[in-house]
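In what follows, a structure is listed as structure tokens, so that the remarks can point back to it.
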Amino acid sequence: MLSLENVVIYRDDKPLFQLSADVAKGEVLTVMGPSGAGKSTLLQAIAGQLQAPFSVTGQIKVNHVVINDIDVHLRKVGIMFQDALLFEHMTVGENIAFAMPDKAYKNKQLKHDAINTLLVAVELDGIADRNVNTLSGGQQARVSLIRTLASEPDVVLLDEPFSKLDVALRSQIRSWTFSQLKARNMPAVLVTHDKDDALAAGGNVIEIL
Amino acid sequence: MFTHITLVARWCLLLLLCIPVLAGLVGVIFPALGYFPAIGANAFSTQVFATLFGLPDIWQMMWLSLFTGVGSTLLAVIAAFCILATFYQSSLLGKIQGVLSPFLVFPHAAAAISLLFVVSPSGIFAAITTRLNAYFSHAFTSPFVNEISEMALPAANDGTLLYDGLGLSILIALSLKELPFILLMTLSVMSQPLVKKKLTGYVKVGTALGYSPTASFFKLVLPTTFSQIKLPLLAVLVFATSNVEIPLILGPNNPSTLAVAIMHWFNHIDLSMRLLASSAAVVQVAVSAVAVLLFLGTERLVTYIGKRSLSGGNRYFADGALRASGFVIMAFYIILICAVVYTVVVYSFAKQWHFPLLLPEGLTLLHWNTAISALTTPFINTLLLGVLVSTTSLILVLFTLESEQLQPARAVASNAFSVSLFLPLLVPGVAFLYGLVWFQQLIFQNAVWFHTYVAHMVYVVPYVFLSMAVAYRKFDNRYAMVAQSLGKTPWQVFYHVKLPSLFSAIMVAWALGLAISFSQYLPTLLASGGTIPTVTTEAVASVSGSSTRLTAVYVIIQAVMPLIGFMIAWYMPVIATRKRSRQMLVSGTHSNRSANPVQ
Amino acid sequence: MLRDSALLSMKAACLRRFGKFSRLIKGLTLASAVFSSQLITASHSFAVPFDIPSVDGSIVDVSGNEIQSQPQSPVRASTALKRTSAQSPKDDTQSKPLVRFHAWGGSAQVNGYLQWVAAQVSQRFNIELQHVKLADTSDAVSRVLAEKAAGNHDNGSVDLIWINGENFAAMKKHGLLAKDWVKELDHFALTRPEKNAAMVTDFGEPTLGMEAPWGKASMVFYYRSAHMKALDITPGQTINELLRFSQKVPGRFTYPVPSDYLGISFIKYAAIALNGDKQSLFYQPVTESSLQAVLPALWAYLDQLHPTMWQQGEYMLRQASQLQRLVGTGELTLAFSFTAAEIPSAVNRFDLPDDVRTYAMQDGSLANVHFVGLTYNSKNKTAAKTVVNFLLSPEAQAEKQKLAVWGDDTVLDVTLLTKAQAMLFKEASVHRSALDKSQPMVLLAEPHASWTDKLREAWFERYGARY
């Protein structure tokens, strides 16, 4: 689970907001607020990717371990943006394989099977060898989701991941995302403008101003 | 670990740029202040400067440098923007890039000589005019028949612009040479994925609001991109004010520009002229600084006026005139390039070639054989040095850029870094290189390759950095964030995500480094003491010779060599993509669509 | 000191080329030296330490230079083994001493000749000769000076340097050349230095054995005969006819700025030729009064000439080589050169049109010698001397004099050579564009060294510094 204890985000030594929250496994915490309030900055703070002029105080804990000083790539915090951000120089399968932890699978075949299993879960079986540029927006969003899941994170951060999808796709991708998170019992933080997102997430909602 | 390495790389880069230039500057400032023990000058004083400013032509020389430098840069900037405004939404843009790219890697000396070939009174344009005149006035032979029934002489003392006292020939030649650089630099900024997306959006909005394409370009696109091309523009400007080759070959000598005089004084047989040369080099730095200030002032002024016209809401921006000049400039380039290519290629194979005939009397391989038989070692040296310099500078630059993102420096350090990066571009090479040789003699006097390597790095690194930084800083960092959040170490992110994504930009930077290393004359000659002959040192030596034909051969070789690098740069990403898509076709049974080429 | 440098800035520099030409000493004509006839038998092939086993053999056995392209001639192979008896022949390359010859690289002919020399010395003496091609000889002078300033006294990067005139004077002044080594060369005697002061005097400076003579030249004029026909005019045969030519057909003649060796040579020629009654003044150190005595005629002449020249004299060429280029493209009709042989060879290489003709002025041609210097901090002095001795060998000098190769006149006194050696210097046929050597030629010795700077300074003061 994720706990934020007295987390304060600063911009140039000026505090933007303070926040304390617990997100249990399988739950989604939704953070809402106007543009520029620092929603995305909060996610970056949790992911450990805060850039100047922002800074953070307070404790960020994952599974009761303070991660404030842990290197970004060791935090096991997955992050997703409104763009799928698939690596264009890799195929769909390579994107997912790239995300999988080293030595998680004994051989190539097992890895290949695991990738297919993930793809099947989002109804994309058989596209592992496709170039990512050939995918539709909805397909890319789904690949992006399973790529994050493939890295087996302890926490998932969602930075307006549905905002670029059209309405029809949005609810579908949304339910996919939340059900996958739930199925894996992962705590998640969702940043969004959209009240429907918050409703679909079903967890606590925090509004920052 | 990787973070530490990148930090070390950053320091290496900083030292590599600063030490030679600062050492070289010390080697210039001391003599400028009258201290040069080698010739028995031991006392510091400002007397040398007094002597310099006592010269009758000194102000005229400074003015020429300033006028040609600033004038050519402004002209080139305006012309480049005209072309961009006319063509940036057009399908011709790719072709224009193709036409102008070779100019980018064409060494200045070679460019000046080619211009001299075609615009002189015996050049191809004069020959065509003479033939046409003769045809229309006497109707004696068709201009296409390769014989003349009566002797026609090239015009004597006619009004060609060559060697004019105002420096207009220098100004035009410099802007011709700079325009492609500015254009391509701007395009490379505009074609960065994020910028491109933004600009396309802007233009759509502009069009929707009823702004004409040129108006959208000048009011929306240009203001957004200008800040990113400003530094390269300043480098161009400084280079233009202190360039030696073009004023030397095309400019006046009564008097010449300051840079030419500096070189003249440095090479003067009377070694005490070194003092004067050094003080002039210091003045040259000041002239370049004034040029930069003037340029920045102009920018302010244009921004101020532009801001007012922005809210004025005029939907047009001299559309007709701009489009016309865009087309005219492009037509001019194409004609010029055709003329140069024709003249140079034909000269390189020509036997006797009488004015005003358009063809020589016969063809021979003599000139090529002469050049090639002398070029094996220089060619290998050039390649070895170029690849070594370009590759290491690329690695250093990439690590440095990465360290900027991994461990952002504080503002002061970052400013110091930018300044040191531009140091080699801000200090006229003709000045600090002589001082550098003096220092290199003090330490490791036998490490000739090392010294030459360092002298090349000083010039190559800034350009590789400039070329790479735009792409690197504009790289959508969220990719890196995603990769890191997937549990990848900084090295893995760098190696597996950034390098492949930036592959084509990296290859272009590498090719640029190669081209710049190829074109170095003074650094190679001075640092190696002439013991490492390169194609360029041989070519410049041949230019000081008397054979037009041999010079033509060298011009071609000089033009083609850097192109090889760019060919590799352009085709490698394409090949990589093809290979990838082929692999996919082989293994991917479900892939029924062929992959789109990666942008 | 600093005041001086202001004045010096007004002086010209032999910027471009190597300052190839020096003055002959007062009153001496080349002809007398060449035709004096004291016979010394060539004993050089027996001399140590220079081992030239193949010189005589090749001349006798095979005609021309073909034999030099046959590296495996048995004689040569055996001497190579003898010389390096301790090593196997394959190790030759590793122990090869390197000699770096810094020489102006702007002429394909000179470069080609030096390639031939490099092949020869590699084969004969196992020396690697590297021609460092300079655009400007003063680059190499600066380098040696920088080495000296940095305390590099025995491991310099320049071994041999092609110089004369001002570059020599500068190197001599700063002690950058090895002293007194030239007399060690066997072939130096063949220049007959005891009779021929031009071989040991460079711009009036005694060479003190710091440099060995390499070649010599005199100033000749050349023109486009087709142009002359089209313009219906003949080229001038004297300095005053030259002016009348330029006035009739303006823009068809120019001369390089006096910082170029050919430019200052033209000024010297004009000054001497225009002051026929005062010629003796030029062969004494210049004084203010002698300068003022000769200048009025010169200025009167140049004031008239300049506006009629190419570019109205407003722009003048910086380099002599550009003069030939402009005649080649047809922009100029009349020009001049210090190397008569370069004209037919340029025609053969198509750099000059075939209607070019060469002639010598009737009121005299300036003449001088160029040299090879050895730097004081050369690492391989012995090998460098071996190379210079080879450059002075009849074989190498004859090769150099061939029109097809370079066409630079030999410094050897042909009367001292064996018959076989002398035969090497005979040209097979005469080129249409070449100077007719059967015609008598009036040679003008270079003025005393002190005149060069004074004339140049005065010119710059009157017509601008022209950097």
Within the range C:376-430, work out how many residues are in contact with a His (Cβ under 6 Å, 6 or more places away or on another chain) and at positive phi. 0
So C:Ala367 ticks every box in (1) touching a strand residue (DSSP E or B) at 6+ places or on another chain (Cβ under 8 Å); (2) more than 22 Å from C:Gly209 (Cβ to Cβ); (3) at pLDDT 90 or above but one. Which box is left unticked? (3)
Can you pull out every residue in the range B:212-235 that is crowded, with 24+ Cβ neighbours inside 10 Å and of a type in the set (Val, Ile, Thr)? B:Thr214, B:Val221
Long-range neighbours under 8 Å by Cβ, at least six apart or interchain, first residue more than 9 Å from every other protein chain (Cβ to nearest Cβ) within the range B:429-458, second outside any helix (DSSP H, G or I) and surrounded by 18 or more Cβ atoms within 10 Å (Cβ to Cβ): B:Val430/B:Val244; B:Trp449/B:Ile532; B:Thr452/B:Ile532; B:Ala455/B:Gln520; B:His456/B:Gln520
Does the range B:1-26 hold any residues that are farther than 18 Å from B:Phe422 by Cβ and among the basic types (Lys, Arg), and which are they? none
Quick one: would you say B:Leu357 is touching a helix residue (DSSP H, G or I) at 6+ places or on another chain (Cβ under 9 Å) and away from chain C (no Cβ under 14 Å)? no
Tally the residues that are part of a loop (DSSP other than H, G, I, E, B) and within 9 Å of chain B (Cβ to nearest Cβ), restricting the search to the range A:136-160. 3
Exactly one of (1) within 29 Å of the chain's Cα centre (by Cα); (2) free of Cβ contacts under 8 Å to residues at least 12 places away in the same chain is unmet by B:Ser373. Its number? (1)
Can you confirm whether the range B:79-97 contains a residue that is within 14 Å of chain C (Cβ to nearest Cβ), surrounded by 15 or more Cβ atoms within 10 Å (Cβ to Cβ) and either touching a residue at least 24 places away in the same chain (Cβ under 8 Å) or farther than 30 Å from B:Glu404 by Cβ (or both)? no
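Output the residue which, of all residues in the range B:227-275 that are part of a helix (DSSP H, G or I), at the interface with another protein chain (Cβ under 8 Å from one of its Cβ atoms) and within 30 Å of C:Gly313 (Cα to Cα), is modelled with the lowest pLDDT. Walk me through it before giving the result.
Start the filter on the range B:227-275 by keeping residues that are part of a helix (DSSP H, G or I), which leaves B:227-242, B:245-250, B:258-266, B:273-275.
Then keep just the ones that are at the interface with another protein chain (Cβ under 8 Å from one of its Cβ atoms); that gives B:248, B:260-261, B:264-266, B:273, B:275.
Then drop every residue that is not within 30 Å of C:Gly313 (Cα to Cα), which leaves B:248, B:260-261, B:264-266, B:273.
On the way: B:Leu248: 86, B:Val260: 88, B:Ala261: 90, B:His264: 83, B:Trp265: 86, B:Phe266: 79, B:Met273: 83.
The selected residue is B:Phe266.
So, in the range C:149-161, exactly how many residues are in contact with a helix residue (DSSP H, G or I) (Cβ under 7 Å, 6 or more places away or on another chain) and touching a residue at least 24 places away in the same chain (Cβ under 8 Å)? Spell out how you get there, then give the answer.
Here is the first cut: in the range C:149-161, the ones in contact with a helix residue (DSSP H, G or I) (Cβ under 7 Å, 6 or more places away or on another chain) are C:149-150, C:152, C:156-161.
From the residues that got through so far, the ones that are touching a residue at least 24 places away in the same chain (Cβ under 8 Å) too are C:152, C:156-161.
Residues that pass the stated criteria total 7.
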Quick test of your reading of the structure: C:Lys400 fulfils all but one of (1) under 19 Å from the mean Cα position of the chain (by Cα); (2) within 12 Å of another protein chain (Cβ to nearest Cβ). Name the failing condition by number. (2)
Go through the range C:372-411 and count every residue that is closer than 16 Å to C:Leu185 by Cβ, touching a Ser or Thr at 6+ places or on another chain (Cβ under 6 Å) and in a helix (DSSP H, G or I). 2
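May I ask you to say which residue of B:Ser390, B:Ser414 is of a type in the set (S, T, N, Q), touching a Leu at 6+ places or on another chain (Cβ under 9 Å) and assigned to a helix (DSSP H, G or I)? Give the steps one after another, and end with the answer.
Working: B:Ser414 fails: touching a Leu at 6+ places or on another chain (Cβ under 9 Å).
B:Ser390 is the lone residue from the list that is of a type in the set (S, T, N, Q), touching a Leu at 6+ places or on another chain (Cβ under 9 Å) and assigned to a helix (DSSP H, G or I).
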What's the total number of residues in the range C:143-166 that are in a loop (DSSP other than H, G, I, E, B), under 18 Å from C:Phe101 (Cα atoms) and facing another protein chain (nearest Cβ under 10 Å)? 4
Looking at A:Ser163, A:Ser171, A:Ser175, which one is at pLDDT below 90, part of a loop (DSSP other than H, G, I, E, B) and more than 15 Å from B:Gln484 (Cβ to Cβ)? A:Ser163
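Looking at the structure I just gave you, is A:Lys111 surrounded by fewer than 21 Cβ atoms within 10 Å (Cβ to Cβ), without any contact (Cβ under 8 Å) to a residue 60 or more places away in the chain and within 23 Å of B:Pro500 (Cβ to Cβ)? Spell out the reasoning first.
Numbers: surrounded by fewer than 21 Cβ atoms within 10 Å (Cβ to Cβ): yes; without any contact (Cβ under 8 Å) to a residue 60 or more places away in the chain: yes; within 23 Å of B:Pro500 (Cβ to Cβ): yes.
Spelling it out, A:Lys111 is indeed surrounded by fewer than 21 Cβ atoms within 10 Å (Cβ to Cβ), without any contact (Cβ under 8 Å) to a residue 60 or more places away in the chain and within 23 Å of B:Pro500 (Cβ to Cβ).
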Which condition breaks for B:Gln520 when tested against (1) surrounded by fewer than 24 Cβ atoms within 10 Å (Cβ to Cβ); (2) in contact (Cβ under 8 Å) with a residue 40 or more places away in the chain? (1)
Residue, farthest from the other protein chains (Cβ to nearest Cβ), within the range C:432-464, restricted to residues that are modelled with pLDDT of 80 or more and farther than 24 Å from C:Gly276 by Cβ: C:Ala434
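The values are calculated or read from the model by the stated rules, or taken from the named source; none is laboratory data. Remember, it's a predicted structure, so these values are computed and weren't measured experimentally. Heads up, the Cβs are rebuilt from the backbone with ideal geometry, glycines too, and the neighbour counts pull from every protein chain shown.
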